[in-house]
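The values are calculated or read from the model by the stated rules, or taken from the named source; none is laboratory data. Just so we're clear, the structure is a prediction, and the values are computed from it rather than from any experiment. Glycine also receives a Cβ, built like all others from the backbone with ideal geometry; neighbour counts cover every protein chain displayed.
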Amino acid sequence: MTQLRTSPGLCGGLRRRARGGAASAEQDANTRIEQMSAAIAVNVLTNRHARPRDVRYTLTVHESEKPGRSLGGLFDDLGAWRPPPADGKSEALAQGLVALDANVLLNLYRFGAVARGDLIGVLQRIGERLFVPHQAALEFARNRLKVALDTREELNTGASQAKKRLKELSDNLLGLMRRTGVPTEQFEAVLSGLASASEQVEKMLTEALADRTWADNPSSSSDPVLPLVEALLNGKVGPCYPAELEAGLRKQAIERGRKLVPPGWADFENKADASGDFLLWRQVMDEAKRRGLAVLLVSEERKEDWLYKVKNITVGALPAMMREMREEAGVDFYLTDVSGLLHLAPRVLSAPVSEEAVREAQVERLSDDLVEGMESYEVPTAGSPESMYVVLSEFAGVNDRAGRGVTRDEARQIAKKAGMDPRGTAGYYSMDPPLLITGEDGNRWITDTGRERLRRLSRLIAE
C-alpha cells in the first residue's frame, strides 16, 4: 500500500485559493487535490524510481516481497512438536497451575486409606495453585456414589473369586499328591499354607471393604472421602459458564468433534452429549490465561484424543493441545496421571509418599470411560486362562481374517464375551512385553508375544 504526503507549497497554494473563493472554488480545489493525488499514486506504482518534484512519499512493501527475508528454524512454527524439557513437568508442579480432572478425585474412592491420605497430602502441598475446573467438580459430584458402589462390588467379586481359586488349587493339589504318593506330612504342610493364605486374603479384603459400607445408603453422611475433598477444594473450584455461553461452547465441541480436534472427539463415537472434555479444557485454558502460569493437568485419561502415543508408548499430551494452550493462554501445557504426580511429589514438593500409594496408582484398573462409568459384569476373571484364551483368540481372528485392528467397541464386546469387565484387559497392554497393543490408528492388535501365549493356552486348555 502506498502512503502519500504532499508538500507544504502545493497544499498551501490550494488552501489559499480555497479560502479566497466561494464554496464552488473550495469544491474545485478539493477535486484538484484528489485528481493530483490519484495521478501521483499511478505514477508511483508504474515507475517507482520517478519521484515527482513536489511530492515526498513512502512505499510500504508486503513482508513476502522483501528481498533477502530470513528463514526460520525447525521448531519456529512447530513448537508443539519440540520434545518438552526434562524438568518441564517438575517446574509446572512447583510453580505452575495444577489442574485436576474428575477421575483424579474419584480415585480417592478407589484407593485404600494409606494411598488416599498420601494423595490428599500431595494436593494440599500445591496450595493456591491447585485448580479444579467446574466441569470436573460437576462430574465428581455426579459419579462419586457410583464409583464407590462399583469399587465395593469389584472388591466383593474379587474376594469371592480368590476364595474359589484357592479352593480349586487345594483340590487339584490334593488329587495330584495322592496320585504321586507324596508323604502325608508334606501334603498337610502345603494345605496348611494354602488355608493360611486364604485367611489372609479374606482379612485384607474385609479391611478394604470396611470404609465402603456407607455406600449402601446413598443418603449416609458417613462418607469418609467427601469431607476431605470439600476441605481440599475450598476456594479452588472454577466458576460455571453462563447458560448462553455454555450452549455456544457445546455447539463448538460438536463441530470440533466432527473435525477430530482434541480433546473430546473420541467421546462422540458413543455418547449423545460428549462436550464435557472440551468444556473442561476450555475452563483450564481460561484459568491459565487469567493467571499466566504454565499448566500441569493431572488426569487418568487414556484415550487417543488426549495422549500422543508412538507404538503404544505414551509421549505426552497431543501436540495440537500444546499448541492451542500456547495460542489461547500463552503458556506451556503438560499432562500427567496420578502415578506421575506421586513420583514427582517427594522431590518437587517434599511431600511424603508411600510405596503402597504408588503401587495403587499404577494399577491398570481404570477404563477410558472412567468418569461416566461402564457396565459391570458379574465375574471379572481377567487372570484366568480361559478368559485370556477367549480374548487373545478373538483378537487374532479379527487381525488375521479381516486384516485390520480391533476397534474399541469390538474390544469391549470381546471382553464381555470372555466374561470380563472391559477394564480387565488393560493389563494385557501393560505387560512386559505386552500381549496387545494399540496401533497408531487407535485400533488394537495382538503381538507376537500374545500369539505365543495363545498357543500355550490352547495346549493347556486341550489338556
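Can you confirm whether A351 is in a loop (DSSP other than H, G, I, E, B), in the same structural domain as D286 (by TED's automatic domain parsing), of a type in the set (A, V, I, L, M) and touching a residue at least 12 places away in the same chain (Cβ under 8 Å)? Lay out the reasoning, then the answer.
Values: in a loop (DSSP other than H, G, I, E, B): yes; in the same structural domain as D286 (by TED's automatic domain parsing): yes; of a type in the set (A, V, I, L, M): yes; touching a residue at least 12 places away in the same chain (Cβ under 8 Å): yes.
In short, yes.
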Hey, D400 modelled with pLDDT of 85 or more and not in a loop (DSSP other than H, G, I, E, B) or not: yes
Please work out if A115 is part of a helix (DSSP H, G or I), closer than 22 Å to E287 by Cα and either in contact (Cβ under 8 Å) with a residue 24 or more places away in the chain or of a type outside the set (S, T, Y) (or both). no
Quick check, is A141 farther than 21 Å from S339 by Cα, in the same structural domain as A231 (by TED's automatic domain parsing) and either modelled with pLDDT of 90 or more or not polar (S, T, N, Q) (or both)? yes
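Suppose we filter the range 231-274 for residues that are on the phi > 0 side of the Ramachandran plot and either surrounded by 12 or more Cβ atoms within 10 Å (Cβ to Cβ) or modelled with pLDDT under 85 (or both); how many remain? Even if it seems obvious, please write down each step before you answer.
Keep residues of the range 231-274 that are on the phi > 0 side of the Ramachandran plot, which gives 235, 260, 264.
When the remaining residues are screened for being either surrounded by 12 or more Cβ atoms within 10 Å (Cβ to Cβ) or modelled with pLDDT under 85 (or both), the result is 260, 264.
Residues in the range 231-274 being on the phi > 0 side of the Ramachandran plot and either surrounded by 12 or more Cβ atoms within 10 Å (Cβ to Cβ) or modelled with pLDDT under 85 (or both): 2 in total.
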Consider V358 against the criteria (1) modelled with pLDDT under 80; (2) part of a helix (DSSP H, G or I): it satisfies all of them except one. Which criterion is unmet? (1)
